[in-house]
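Report on one structure; see the data block that follows.
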Amino acid sequence: MRLPISHPFMSNEPILQARGLTKQFSGFAAVQDVDLDVTEGSIHALVGPNGAGKTTCFNLLTKFLEPTAGSIRFAQRDITRMRPAQVARLGLVRSFQISATFGHMSLLENVRVGMQRAAGMAWQFWASPARLARLDERAMHYLEQVGLAGQAGELAVNLPYGHKRALELATTLALEPRMLLLDEPTQGLGHEDVERVTELIARVASGRTVLMVEHNMSVIARICDRVTVMQRGRKLAEGSYAEVAANPEVISAYMGEATEELAA
């Protein structure tokens, strides 16, 4: 069942666009001539069977790889040759498949590190406690958004894995992104944690745009507005979950267990 999501800022205008996106490695085209439009305020999934090129495409869009050909625009600006830090400052912020937190800092301190950059205090770890404390109220707000406010003083290293993913989401939100790019947000999670993280993504998506690479089709079916399916480096299909799940080419590309998930 699809989660009820309110998208008050959803528009018909794309915030992220790719045209002719191509990446070659020693003559092998991992991504070839991909066009993509992500509508502002939507949750958009990038999916495909193993080896489809979705991860390479995601890394191109987030500027961790340079394209061989094609262009990328974010919020009407050409970001094709920008570095990851530059696009992050524009509000295009990604998370990673492996949870990245500071284990021996508290949850509040982890979120505060993310906020320090936005506040122009990126490297001021030696700042006085009083100066850093002015960020605490806002940091608590982000922890509340992901359901971790009650554990704000605990060390991150003591969190179960699902809660670490939630903390990572809170630290990502602390950068005040206009668009979130999530790399396999439910990878390695048990059923209960998948439910928790899915609900968190739906909640924090309100007022933001989300592009996610995700393998769990039930998650995509529940929260995504649009799905782009890739195969062998090319865009195979695009549309709502129901549309792509009924597409014979998509069913053929997935086969096996993944086909059963699509049809569910």
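Here are the numbers for this structure:
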quantity: Segment Asp78-Leu175, extension gain: residue separation times 0.36 nm, minus the distance between their alpha carbons; calculated: 32.8 nm
quantity: Net length gained if the chain between His215 and Ala69 were fully extended (0.36 nm per residue, minus Cα distance); calculated: 49.9 nm
quantity: Gain in span if fully extended, Asn12 to Asp33, counting 0.36 nm per residue against the direct Cα distance; calculated: 5.2 nm
quantity: Listed peptides 235-243, 67-75, 221-229, 83-91 by packing density, highest first (mean Cβ within 10 Å); calculated: 221-229, 67-75, 235-243, 83-91
quantity: Hits among lysines - C-alpha to C-alpha of Lys54 under 24 Å, sequence gap 8 or more where chains match; calculated: Lys23, Lys63, Lys235
quantity: Inter-label distance, nm, simple model (7 Å from Cα along the C-beta direction), Arg234/Arg89; calculated: 3.9
quantity: Per-peptide average of other Cβ atoms within 10 Å, ordering 206-219, 187-200 highest first; calculated: 206-219, 187-200
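Coordinate-derived values only; no laboratory data. Every value quoted in this text rests on a predicted model; they were computed, and no experiment measured them. Every residue, glycine among them, receives a Cβ derived from its backbone with ideal geometry; neighbour counts consider all protein chains shown.
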